[in-house]
1. Which three lengths, in whole Å and largest first, does region 2-75 cover when its Cα atoms are put on their principal axes?
2. Pop out the ³J(HN,Hα) list for region 152-166 in order, Karplus 6.51 cos²θ - 1.76 cosθ + 1.60 with θ = phi - 60°, rounded to Hz; leave Gly and Pro as x.
3. In region 183-214, whose amide N lies under 18 Å from the spot 7 Å out along Cα-to-Cβ of Ile38? List them in ranges.
4. Given region 140-277, report the % of alpha carbon pairs whose separation exceeds 22 Å.
5. Please identify, among Asp141, Asp170, Asp130, the residue showing maximal mean-square fluctuation in a Gaussian network model of the chain using a 10 angstrom Cα cutoff.
6. Suppose we keep just the DSSP beta bridges with both residues in the chain; what percent of those would be antiparallel, to 5?
7. Mind grabbing the base-10 log of I(q)/I(0) for region 3-276 at q = 0.09, 0.11, 0.17 Å⁻¹? Debye formula, identical points on the C-alpha positions, no solvent, two decimal places.
8. What are the ³J(HN,Hα) couplings of region 57-74, residue after residue, when phi is run through the Karplus curve with 6.51, -1.76, 1.60 and θ = phi - 60°? Round to Hz, x for glycine and proline.
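Just so you know, all these numbers are worked out from the coordinates, no wet-lab data involved. Keep in mind it's a predicted model, so treat the numbers as computed, not measured. Cβ placement follows ideal geometry from the backbone for every residue including glycine, while neighbour counts extend to all protein chains displayed.
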Amino acid sequence: MDLISRLHTSSPLIHCITHPIAINDCANAVLALGARPIMAEHPAEAAQIAALAQSLTVSLGNITDARAESIMAAGRIRPGVIDLVGIACSDFRMKLAKRFIQECHPAVIKGNASEIRAIAGTGFHSQGIDVSPKDAVEKGDESAQLKLALLMKGIADQTGAVVAASGAVDVIVAPGEDTAYFLENGVPSMAQITGTGCMLTCIMGAFMAVTSPLNAAIAGAAALGISGETADCSLGLGTYHMKLLDALSLLSDETLERRMKLHTKTLRVYTDGSTSA
Ligand SMILES: Nc1ncnc2c1ncn2[C@@H]1O[C@H](COP(=O)(O)OP(=O)(O)OP(=O)(O)O)[C@@H](O)[C@H]1O
Ligand SMILES: Cc1ncsc1CCO
């Protein structure tokens, strides 16, 4: 795998429509991997910038009317990554997410486990923008991992998008495929820094400029998770935040491949609707 060196060599332009809480970290995360971010969000220019860029990411976090408009305008131009931030606690965002998925056909649909359950139309627990502990999928809980993956397969097959659920275990499923991918990289401190999920969205978008949406989702989750593992958190969260960016900028393809904790499972959906792995 040579995705990081491909990014450094080709320096693709990544159009990220995200929110002020995470915008600076997102731009720096894209730069750290060798790509070029453009954070344009004016509705009058969003389509033109999306057409110019090699990849697009959109986030529903801290949504505004202007950003909602530019997300739709850019999404109609290019199938990007949509981050479903907050759809579990906001009917407005849920409606916008559904409209985006229907009209813009994103390549990747990403959220935490509560947001993924919400977009699947199944029971979910809302805890603001964070995952509810009742929906979260933990390391070692194979049954919960599998249930979420099966739910995600339904969304993927229905929308044609890769579906990614971030968390302690990142779960990724592609449309028309029976394989579910489970990544166990990362440390709990990452959830203590605001915007790590938003950075992940833009990192996936960066990789999408040089590989398929499925590989981009896997490589993105692994790259951020490994950076979170190698960054020093002993001096507190403020320093850890910067160390995370340092680690991302120093990450090599060799380390990405060697430290990636990926396992797969085959999902089966029977004609009577029952499921198994
Ligand atoms: N408990 C955890 N253990 C290990 N890694 C974690 C944990 N929580 C988060 N991570 C890591 O952080 C990454 C971001 O995931 P997370 O689901 O926390 O984002 P998020 O909640 O959407 O963040 P935000 O809303 O602040 O942008 C994951 O891909 C994973 O690598
Ligand atoms: C704190 C916060 N509020 C809306 S988005 C966001 C950052 C994490 O997504």
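1. Principal-axis extents of the Cα atoms in region 2-75, largest first: 38, 25, 14 Å.
2. Going residue by residue, I get 5, 4, x, 5, 4, 5, 6, 9, x, 9, 5, 10, 10, 10, 8 Hz, with x marking Gly and Pro.
3. Within reach of a label on Ile38, which here means backbone N under 18 Å from a point 7 Å along Cα→Cβ, region 183-214 contributes 202-203, 205-210.
4. Of the Cα pairs, 39 percent sit more than 22 Å apart.
5. Asp141
6. Around 45 percent antiparallel, to the nearest 5.
7. Log10 of I(q)/I(0), two decimals: -0.36, -0.54, -1.40.
8. In residue order, the calculated couplings are 10, 10, 10, 8, x, 6, 4, 10, 4, 4, 5, 4, 5, 6, 4, 5, 5, 6 Hz.
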